[in-house]
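Asks: Below is a structure I'd like to ask you about.
The values are calculated or read from the model by the stated rules, or taken from the named source; none is laboratory data. Everything quoted here is computed from the prediction, not taken from an experiment. We place every Cβ from the backbone using ideal geometry, glycine too, and count neighbours over all the protein chains shown. When the accessible area is computed, the model is the full protein with side chains, heavy atoms only, and any ligands, DNA or RNA have been set aside. Shrake-Rupley method; radii C 1.70, N 1.55, O 1.52, S 1.80 Å.
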Amino acid sequence: MNELDRTAENTAATTPVTRMRPLLWLVLIVSVAANVTLSSLLDNPWAGSAFGALALASGVTLAMNHYRNR
């Protein structure tokens, strides 16, 4: 029996998250830096928390994409 070459199918089909991976890394780095800066400089906890939530969301998205496409 002939088996199909599935490697060509997997590399050709990219998900929208895979194409947005560089942007997600940039968002993660900037939001972590903003979280650290705002949490240490300002007395308002909401300012740092917003960037912390954004960093958490982008990090989880990158991790899910990594484990899904490995």
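Asks: Considering only residues that are of a type outside the set (S, T, N, Q) and either in contact with a strand residue (DSSP E or B) (Cβ under 8 Å, 6 or more places away or on another chain) or in a helix (DSSP H, G or I) (or both), which ones fall in region 61-70?
Replies: The answer is LEU62, ALA63, MET64, HIS66, TYR67, ARG68.
Asks: Kindly check whether there is at least one residue in region 27-35 that is at pLDDT below 90 and out of contact with any Leu (no Cβ under 9 Å at 6 or more places or on another chain).
Replies: Looking through region 27-35, none of the residues is at pLDDT below 90 and out of contact with any Leu (no Cβ under 9 Å at 6 or more places or on another chain).
Asks: Also, quick follow-up: Which condition from (1) open to solvent by less than 80 Å² (accessible area, probe 1.4 Å); (2) at pLDDT below 75 is the one that ARG6 breaks?
Replies: Of (1) open to solvent by less than 80 Å² (accessible area, probe 1.4 Å); (2) at pLDDT below 75, only one is false for ARG6: (1).
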